[in-house]
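So the structure is just underneath, and the comments pick up after that.
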Amino acid sequence: MPPQTVQTFPSNQSSCDVFVYQRAAVVLFPIFYSVVFIISTCGNSLVLRVICQRKQKFNSTSIYLVNLALSDALFTLALPGRITYYIRHFDWPFGDLLCKVTTLLFFTNTYAGIGFMTCISLDRYLAMVHPHRLQCLRSVKVVRRVCCLVWALVFLEVAPLLFRSMLHEHQGRRTCMEYFNFEGSRFTPYLLILACVVSFCCPLTIIMCCYAKINIKLRDAAKKNSVTGRSRRNHRANTIILLILLTFIVCFSPYHVNVIQFMARKIHHQPTCEELRAFKVSLQITVSLMNFNCCLDPVIYFFAIKTYKKRVMSLFKDYLYTSGASSKMTAENSSSNT
């Protein structure tokens with residue numbers, strides 16, 4: 001179960017107003033998620049179009065990237081409702097079912113993103129460090145099965161959300177994906193820490209190990225053969241995993257570290273009202289960072305897929321040319337008028 005799906009606030013703190021610091025949120029979050037919506041829609045739609053239009057056969061990396069882009073695209077569908085929710089001062093107007101769907105898409109994107117980033121790192125590791133061994137694991141048939149397995153595991157992880165009401169009344173407002181009215185059992189902190197370790201710490205360790213192994217391989221290759229050491233393909237693979245690692249640390253680390261530290265403290269004492277408010281604010285900020293991953297994923301596509309890179313550069317050049325031509329025409333019209 002995703003760490004945020006169970007509220008852990010004690011019943012004797014039910015009178016604590018955790019929405020006391022929300023004035024800035026109703027302004028900043030609609031702007032933030034509107035920017036995320038635009039970037040994610042453009043970036044992920046373009047990569048899906050580029051990959052699907054390619055004449056070459058799908059390889060292992062492109063299959064993982066398509067699934068990552070699909071996960072981001074599904075998440076983008078939930079953003080308009082979330083933006084409306086913040087604009088209405090944390091009042092959800094669309095009913096419990098759509099609230100559940102929105103929550104499901106949020107966490108599906110998170111854990112599918114983590115899963116496919118880990119798969120891409122392992123795929124690059126096998127291609128670089130073991131180019132002649134274990135290549136059966138990179139076959140299209142196996143990779144498709146791995147993708148199905150990732151989706152199945154993610155669905156099992158977030159499925160409990162479908163059986164829990166995500167909509168609650170709070171001071172005349174219907175809040176969605178807010179958990180201050182929930183109270184978990186005494187085992188909840190242990191379960192959430194375990195969930196964070198399995199769903200975040202283990203993938204992060206795998207990605208870091210893959211990056212380290214590839215760096216060692218590149219260094220050894222550079223010593224033995226300067227031509228091989230400067231291979232663009234090898235360094236591109238290293239860049240891809242570095243970008244994945246940075247995205248992982250920037251987007252997913254704050255949220256999971258925040259949940260782990262709060263649950264670890266909750267094991268020893270019941271949180272005060274001020275601690276609950278601080279956790280609520282930090283949770284919203286770290287969830288926003290976590291959702292920002294769908295804007296950084298197109299950067300990974302830019303370095304991983306040559307066709308995507310060419311397409312983006314072509315669009316950028318066309319934009320510059322159009323802007324330049326428009327400015328030149330405006331200047332000519334102004335000079336002619338004078």
Sort through R219, R265 and tell me the only one that's free of Cβ contacts under 8 Å to residues at least 40 places away in the same chain and over 19 Å from L192 (Cα atoms).
R219
Quick check, is C295 over 27 Å from N234 (Cβ atoms), touching a residue at least 24 places away in the same chain (Cβ under 8 Å) and surrounded by fewer than 16 Cβ atoms within 10 Å (Cβ to Cβ)?
no
Output the number of residues of segment 23-64 satisfying the condition of being under 21 Å from T84 (Cβ atoms) and aliphatic (A, V, I, L, M).
10
Taking segment 198-207 and keeping only residues that are touching a residue at least 12 places away in the same chain (Cβ under 8 Å) and over 17 Å from the mean Cα position of the chain (by Cα), one is left with I206
Restricting to segment 264-295, what's the tally of residues that are among the aromatic types (F, W, Y) and within 15 Å of the chain's Cα centre (by Cα)?
1
Filter pass, Q261 being surrounded by fewer than 14 Cβ atoms within 10 Å (Cβ to Cβ), under 23 Å from the mean Cα position of the chain (by Cα) and modelled with pLDDT of 80 or more
yes
Could you list all residues from segment 52-83 that are touching a Ser or Thr at 6+ places or on another chain (Cβ under 9 Å), at pLDDT 90 or above and of a type in the set (S, T, N, Q)?
S71, T76
For segment 67-104, name all the residues that are over 22 Å from V26 (Cβ atoms) and hydrophobic (A, V, I, L, M, F, W, C).
L68, A69, L70, A73, L74, L77, L97, V101, L104
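The values are calculated or read from the model by the stated rules, or taken from the named source; none is laboratory data. Note that the structure is a prediction, hence the values are computed from the model and not measured. Methodologically, a virtual Cβ is constructed for each residue, glycine included, from the backbone with ideal geometry; neighbour enumeration extends over all protein chains shown.
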